[in-house]
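**Q** This is the structure, below, for whatever I ask next.
The values are calculated or read from the model by the stated rules, or taken from the named source; none is laboratory data. Just so it is clear, the model here is predicted, and its values are computed rather than measured. Positions of Cβ are backbone-derived with ideal geometry, glycine not excepted, and every protein chain shown enters the neighbour counts. The area values use the complete protein model at the heavy-atom level, side chains included, leaving out ligands, DNA and RNA. Shrake-Rupley method; radii C 1.70, N 1.55, O 1.52, S 1.80 Å.
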Amino acid sequence: MLDGRKNAFKIPATLSDGDFCSGTRNIELNQNTTTKCRAKIESIENCKSNKFLNSNMLFGQKIAENITFQGSFFEPISNSSGCFGVIQTANIYFIKNISTNSLSSAFVEIVYDSIKIENFQNFEQTFNIFFVDEKIQQGKLGYSENDAIYSVSGMVAVPLNLPILQNCLGTVSEKNQVLFKQEIAGTCFLENSKNCEEARFLAKKFYEQIFPMEILSVPSDDAQPALVNRINVTWEEKSPSQKSCRLPVSSRFLIYFSKQGTIKNYREIIVGASFDLSLDYIDYNPGQTIHLPLIVKFSDVTPKPKSVFASLPYIDIRLPNDFFYPFIRNSSNKKTTENFIFIILNICFFTFIY
């Protein structure tokens, strides 16, 4: 249990793979775990009374002293055709304080789905539990190479991980963490899609969830988030075909960073990011494995440095009005002054020669 209370947070449990969620299990501190089981639903009309389908009931409780789950939770809606807005997948993150090894916060990412009346006994749920160390350094001024990039979800920041060479919709390994200035290129895979429409639906859901709306500008607790611009993509089929399917063929998550300060003393911060996706028609057979591209790049948008020099000195070579007094009583007489200067220069010249 997380805090030793009798009503501690629990997830559903099953006796065997693919069985119903017939029991529960406590969450032990520092133990990442995954549970998959079929939701145990007595009747489709009362699905919202099932705690593990109802996000508001499951995550609307305090899990430790002054700690509640952060996220968007609501009650499912049911009618004669099914139940809508139930938990299909929940990624549950517990953030730990490294120095005290205790929980500092928690948040949830939820994938919602619907249960049709004819399929309510076969609705499978997945609960993924992650314990994440608070690696964010208080007061750090900028990123260093290979620092972890953090995505922002509500008020919580967690490392950004990508499912390279894994199931696109499965649990993401920490070894695929996005690091500052380290470009990533690879794919993840989707399996067993029944038709083109389902394959495209799963691909769209994946890309909507994998890249965040905001990332941390600097790895600091009080950092401002940098916004991610998403370029709109049309997912609908333009010319449906039985042998091909319009699916993603390229993607790019581009992170912009900038150097701030002087040439000798500067910090590097993330100022924004963009995500764009390209779709095209590819050969498709129902049930085939689909590979979705994942590319992360970094772009330095620092303006070119400017060299600043001191301005050239201004030399005023004018002589004061009474410089030649008493040889010339009225120095305002321009012609007389010029003649006298000419005589002085000649005397200096001939003296130098002889």
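**Q** How many of the residues in region 53-82 are in contact (Cβ under 8 Å) with a residue 40 or more places away in the chain and out of contact with any helix residue (DSSP H, G or I) (no Cβ under 7 Å at 6 or more places or on another chain)?
**A** Number satisfying all stated conditions: 7.
**Q** Restricting to region 22-78, and then to whatever is assigned to a strand (DSSP E or B) and among the small types (G, A, S), can you tell me which residue is surrounded by the most Cβ atoms within 10 Å (Cβ to Cβ)? Lay out the reasoning, then the answer.
**A** If we filter region 22-78 for residues that are assigned to a strand (DSSP E or B), which is where we start, we get 23-26, 33-38, 62-64, 67-68, 70, 77-78.
Subset that is among the small types (G, A, S): 23, 64, 78.
Working: G23: 13, A64: 18, S78: 21.
Checked region 22-78; the qualifying residue surrounded by the most Cβ atoms within 10 Å (Cβ to Cβ) is S78.
**Q** Can you name the residue in region 95-106 that is under 17 Å from A157 (Cα atoms) and of a type outside the set (S, T, Y) and is also surrounded by the most Cβ atoms within 10 Å (Cβ to Cβ) among such residues?
**A** A106
**Q** Select from region 270-302 the residues that are touching a Leu at 6+ places or on another chain (Cβ under 8 Å), farther than 18 Å from Q209 by Cβ and β-branched (V, I, T) and write down the one among them that is least open to solvent (accessible area, probe 1.4 Å).
**A** I270
**Q** Further question on the same structure: Among the candidates I92, I115, I87, single out the residue that is open to solvent by less than 20 Å² (accessible area, probe 1.4 Å), aliphatic (A, V, I, L, M), in a strand (DSSP E or B) and in contact with a Ser or Thr (Cβ under 6 Å, 6 or more places away or on another chain). Even if it seems obvious, please write down each step before you answer.
**A** Values: I92 fails: in contact with a Ser or Thr (Cβ under 6 Å, 6 or more places away or on another chain); I115 fails: in contact with a Ser or Thr (Cβ under 6 Å, 6 or more places away or on another chain).
Checking each option against the conditions leaves just I87.
**Q** Yes or no: region 202-213 includes at least one residue that is in contact with a helix residue (DSSP H, G or I) (Cβ under 9 Å, 6 or more places away or on another chain) and open to solvent by less than 70 Å² (accessible area, probe 1.4 Å).
**A** Looking for residues that are in contact with a helix residue (DSSP H, G or I) (Cβ under 9 Å, 6 or more places away or on another chain) and open to solvent by less than 70 Å² (accessible area, probe 1.4 Å), one finds none in region 202-213, hence no.
**Q** If a residue has to be in contact with a Pro (Cβ under 9 Å, 6 or more places away or on another chain), not in a helix (DSSP H, G or I) and not charged (D, E, K, R) to count, how many in region 194-211 make the cut?
**A** The number of residues fulfilling the criteria is 1.
**Q** When you scan region 163-201, how many residues do you find that are open to solvent by 70 Å² or more (accessible area, probe 1.4 Å), within 15 Å of the chain's Cα centre (by Cα) and aliphatic (A, V, I, L, M)?
**A** Residues meeting the conditions: 0.
**Q** Another question, then. Which ones in region 8-21 are hydroxyl-bearing (S, T, Y) and surrounded by fewer than 13 Cβ atoms within 10 Å (Cβ to Cβ)? Write out each step before concluding.
**A** Keep residues of region 8-21 that are hydroxyl-bearing (S, T, Y), which gives 14, 16.
If the condition is that a residue be hydroxyl-bearing (S, T, Y) and surrounded by fewer than 13 Cβ atoms within 10 Å (Cβ to Cβ), then S16 is the only one that fits.
**Q** Scanning for something farther than 19 Å from P159 by Cβ and open to solvent by less than 50 Å² (accessible area, probe 1.4 Å), does region 215-235 turn up at least one residue?
**A** Yes - at least one qualifying residue is present in region 215-235.
**Q** Next up: Yes or no: E109 under 17 Å from K205 (Cβ atoms), modelled with pLDDT of 85 or more and open to solvent by 60 Å² or more (accessible area, probe 1.4 Å)?
**A** On the way: under 17 Å from K205 (Cβ atoms): yes; modelled with pLDDT of 85 or more: no; open to solvent by 60 Å² or more (accessible area, probe 1.4 Å): yes.
Answer is no for this residue.
**Q** I've got another one for you. Please find, within region 40-52, the residue that is nearest to D19 (Cα to Cα) out of those that are touching a residue at least 40 places away in the same chain (Cβ under 8 Å) and touching a helix residue (DSSP H, G or I) at 6+ places or on another chain (Cβ under 8 Å). Full working, then the answer.
**A** Quick first cut of region 40-52, residues touching a residue at least 40 places away in the same chain (Cβ under 8 Å) only: 41, 44, 47, 52.
With touching a helix residue (DSSP H, G or I) at 6+ places or on another chain (Cβ under 8 Å) added as a condition, the list becomes 41, 44, 52.
Working: I41: 13, I44: 18, F52: 15 Å.
Out of the qualifying residues, it is I41.
**Q** Take the residues of region 114-167 that are touching a Phe, Trp or Tyr at 6+ places or on another chain (Cβ under 8 Å) and under 22 Å from S78 (Cα atoms): which is modelled with the highest pLDDT?
**A** Per the criteria, the residue is Q125.
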